[in-house]
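Have a look at the structure below before the remarks.
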Amino acid sequence: MDKIFLIEDDQSIIDVYKIAFKSAKINAEFFSWGKEAIEKIKDIQSNKEEKPKIMLIDLVLPDISGLEILKLVKENEKTKDILCFVFSNYTNSEQGEFNGVKPDKFILKTNITPTELVKLVKESINHN
Amino acid sequence: MDIIKIRGITLFVVALLNLFLVLALWYKSKKDKARIWLGYTALFSGFYAFFCGATYFFWDKGMEVSLGWYKATWLGVLLLPCFIVFTYYFTGKTKNLYLKAIVFYGISFVIVYLSFTTDLFVKSLRLNAYNISSLAGPLDPFGRVFILFCLAISITNLLKEYFTAEGFRKIQIRYFILGTSIFVVTGMITTSIIPFIIKESPYYDIAAYLSFVWIGLTSYAILKYKLMDIKIITTELFSFALWITLALKIFLSENSQDRIINIGVFLAVLFFGIFLIRSVTKEVRQKEQLEKLAKEIEGAYEKEKAAHEVEKKAREELESLGRAKNQFLLAIQHHLRTPLTAMIGYSDLILNGAYGKQSKKMLEVINKFQASTKSLIKMVNEFLDITQFQLGKEVVNLISGIEIEPIISEIAEELKFETEKKGIYLKLQKPEKLFAIKADREKLKAALYNIIDNAVKYTLKGGVDIKIESKDVFKIIIKDTGIGMSQNHQKNLFNKTFERGEEAKKTFTTGRGIGLYIASEIIKAHKGKIWADSEGEGKGSTFHIELPYEAIN
């Protein structure tokens, strides 16, 4: 089944989206720590794990910056086709500062409701 | 003329020179006590030289006459207490001065009196081939000791001051001590040590020359402000030496013809010397001025450099402050929005049945809650946008292929609740073609939302018409039948200040003027234009927005 990753440290937001994705029957995996996500991605890159269709990456994580994850995914042959949506509360004027690695989409958390995000995710999965 | 007379004459010249010193020291001396007392010193030194000279010059009048003159030379001893007083005034240590002076003067007067009236100091004179030597009386050694004692006191005073003095004053005192020491040493040798050995004193006139040199040096140190102009000093000394020599030649002339020639030469050299001294002085002063000027320029340059540094530092501080502010804002953005995300999230889940079916009342309440939350989110967005504008940052990220019609449809949908409640209409006249322009979707939507929301807010009956055109430019026209605007209001509409116009203030207590300011900034960032007009208060308003378009589908 198609799955997605949500890398986000704020617990209340994870709770909201857990319910939203569950209601929509989307298989989602949640990571609160950047390092956890990195480990997982490395496993995917060495074929130990299945890769997700979409990754929703928060920029501000407790241990590292979300950009590192974005870079890791996009600069690897195996994982560069995973859709990466930067999911953040910084305005998209910061988009220019992504060190040359562009996300597939930039989403401002407060400007999107769970319903809208679920819709977007479904569309993106089907589109691919 | 014999040697004896010549020696007398030279001593007269020295006496005269001492007189010049006195005049130079007393001229415009005003209340400078140091100069006045050095003048007295020079005066008594002059007396000494004069009486020495007279001893030689009037030798041909007989031994008694010469002896009388020679005894008078002891008057010169008074120059010692005068010099001591000078050192006290120069070093500023004038406490108990009168008391100390009385002691020295007392002893001096006793010596002078005794030498005039008895032969306790001077016994007799003896003529040699080229010289007159004196034979001392029994009290002569005491006189010498007294003189030495006075000089020791003077030198001690000067030395004490020398160690605490600085700069120019230190140099001055150095000269005094030098001169005094030379006098002491050579004076000692010629008038005390040699006579002690050979039992007669043939070289007492040397003391006259020496005293002139000594007081001359001291006077020079006092009178001249800048001592260290070696050029000036040597020029002057050379000239003086030349003048003295030539002056002497006048006196030593054999006949009138010679005398006239010598006078002529002396005068010529005198004028030339004065001219030379002045020109050298001028040159040295000019050099000093140039140096001073160069220093001033350097000083000014240093100041300018320092000012530059200050400015640079201020700029750097400002920049770092700006960066700090920026960092702070970024952090705030994140912290303000995080809880808002959860609030929007949960309210959305409830409304969409994730927690099961809710009562109509509950849904209504949650809707209101969500509306407030959205309003707060909007405010946070706008606040951050304003600060970004103010920091001069690029607030929009333009992407091609953005369609306008869906954006406005979304806005209309979001405002449906409010318009239905107010009973006014919101019509969108859809264009025939579909338009795509280069825009920042989120920001453009926020701007358009502000304008349309504004129209809705200030319309009490009737409604809002939105039209999209594309004749030669891409245009959005938002027309309402609301309270309208006065001329004055139209002018200040898009200002930063929270202008709401008099009518608006009366109608509503809520509302933020910054919405229009933000909208106009966003439109401008899209390289577009925005303006508004109204036929007047109560006659509705029309907002015009122009945007450059890149493609028509």
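Overview of values
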read-out	value
Residue A:40 vs. criteria loosely packed, with under 14 Cβ neighbours inside 10 Å and within 15 Å of the chain's Cα centre (by Cα)	no
Residue B:109 being touching a strand residue (DSSP E or B) at 6+ places or on another chain (Cβ under 9 Å) and over 24 Å from residue B:173 (Cα atoms)	no
Residue check, residue A:109 within 14 Å of another protein chain (Cβ to nearest Cβ), out of contact with any Gly (no Cβ under 8 Å at 6 or more places or on another chain), basic (Lys, Arg) and free of Cβ contacts under 8 Å to residues at least 12 places away in the same chain	no
Residues being among the small types (Gly, Ala, Ser) and closer than 30 Å to residue B:232 by Cβ - total across segment B:277-327	4
Pairs with Cβ under 9 Å, 6+ apart, first in segment B:55-82 and more than 23 Å from residue B:210 (Cα to Cα), second at pLDDT below 90 and acidic (Asp, Glu)	B:60/B:2
Filter pass, residue B:358 being modelled with pLDDT of 80 or more and in contact with an Asp or Glu (Cβ under 8 Å, 6 or more places away or on another chain)	no
Check on residue B:360, touching a residue at least 12 places away in the same chain (Cβ under 8 Å) and either more than 24 Å from residue B:480 (Cα to Cα) or open to solvent by 20 Å² or more (accessible area, probe 1.4 Å) (or both)	no
Unmet criterion (only one of (1) buried (at least 18 other Cβ atoms within 10 Å of the Cβ); (2) within 8 Å of chain A (Cβ to nearest Cβ)) for residue B:330	(1)
Scope segment B:284-301; condition open to solvent by less than 90 Å² (accessible area, probe 1.4 Å) and of a type outside the set (Val, Ile, Thr); matching residues	B:285, B:288, B:294, B:299, B:300
Every residue from segment B:442-464 that is assigned to a loop (DSSP other than H, G, I, E, B) and open to solvent by 40 Å² or more (accessible area, probe 1.4 Å)	B:460, B:461
Residue match in segment B:380-390 (condition: touching a helix residue (DSSP H, G or I) at 6+ places or on another chain (Cβ under 9 Å), more than 11 Å from chain A (Cβ to nearest Cβ) and exposed (fewer than 14 other Cβ atoms within 10 Å of the Cβ))	no
Condition check for residue B:234: buried (at least 16 other Cβ atoms within 10 Å of the Cβ), assigned to a helix (DSSP H, G or I) and of a type in the set (Val, Ile, Thr)	no
Qualifying residue in segment B:187-209 (condition: within 46 Å of the chain's Cα centre (by Cα) and either more than 30 Å from residue B:71 (Cα to Cα) or modelled with pLDDT under 80 (or both))	no
Set B:59, B:37, B:69: member being among the hydrophobic types (A, V, I, L, M, F, W, C), touching a strand residue (DSSP E or B) at 6+ places or on another chain (Cβ under 8 Å) and surrounded by 18 or more Cβ atoms within 10 Å (Cβ to Cβ)	B:59
Out of B:217, B:252, B:242, B:223, sole residue that is open to solvent by less than 70 Å² (accessible area, probe 1.4 Å), in contact with a Lys or Arg (Cβ under 9 Å, 6 or more places away or on another chain) and of a type outside the set (Val, Ile, Thr)	B:223
Enumerated helices (runs of 4 or more DSSP H) restricted to segment B:61-160, each holding at least 1 residues that are under 30 Å from residue B:25 (Cα atoms) and under 57 Å from the mean Cα position of the chain (by Cα)	B:79-91, B:97-117
The lone exception for residue B:367 - which of (1) open to solvent by less than 60 Å² (accessible area, probe 1.4 Å); (2) assigned to a helix (DSSP H, G or I); (3) within 13 Å of another protein chain (Cβ to nearest Cβ) it fails	(1)
So residue B:411, is it of a type in the set (A, V, I, L, M, F, W, C) and over 17 Å from residue B:546 (Cβ atoms)	yes
Answer from B:323, B:337, B:315 - the residue that is within 60 Å of the chain's Cα centre (by Cα) and under 22 Å from residue A:19 (Cβ atoms)	B:337
Sole residue being within 14 Å of another protein chain (Cβ to nearest Cβ) and touching a Pro at 6+ places or on another chain (Cβ under 7 Å), chosen from A:60, A:86	A:86
Top-ranked residue of segment A:9-37 - restricted to ones that are farther than 23 Å from residue B:355 by Cα and acidic (Asp, Glu), ranked as least open to solvent (accessible area, probe 1.4 Å)	A:9
Residue satisfying condition, being within 13 Å of chain A (Cβ to nearest Cβ), open to solvent by 40 Å² or more (accessible area, probe 1.4 Å), at pLDDT 90 or above and under 30 Å from residue B:466 (Cβ atoms), within set B:340, B:351	B:351
Pairs, first within 14 Å of chain A (Cβ to nearest Cβ) and part of a strand (DSSP E or B) in segment B:413-441, second open to solvent by less than 60 Å² (accessible area, probe 1.4 Å) and β-branched (Val, Ile, Thr), C-beta under 7 Å, six or more apart	B:439/B:402
Test for residue A:48: is it more than 13 Å from every other protein chain (Cβ to nearest Cβ), in contact with an Asp or Glu (Cβ under 7 Å, 6 or more places away or on another chain) and open to solvent by 20 Å² or more (accessible area, probe 1.4 Å)	no
Subset of segment A:53-84 that is touching a residue at least 40 places away in the same chain (Cβ under 8 Å) and more than 14 Å from residue A:31 (Cα to Cα) - its residue that is most open to solvent (accessible area, probe 1.4 Å)	A:53
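The values are calculated or read from the model by the stated rules, or taken from the named source; none is laboratory data. Note that the coordinates shown come from a computational prediction; the quantities given were computed from them, not determined experimentally. For neighbour counting, all protein chains shown are included, and Cβ atoms are generated from backbone atoms with ideal geometry for every residue, glycine included. Note: accessible area is taken over every heavy atom of the protein model, side chains too, but ligands, DNA and RNA are not part of it. Shrake-Rupley method; radii C 1.70, N 1.55, O 1.52, S 1.80 Å.
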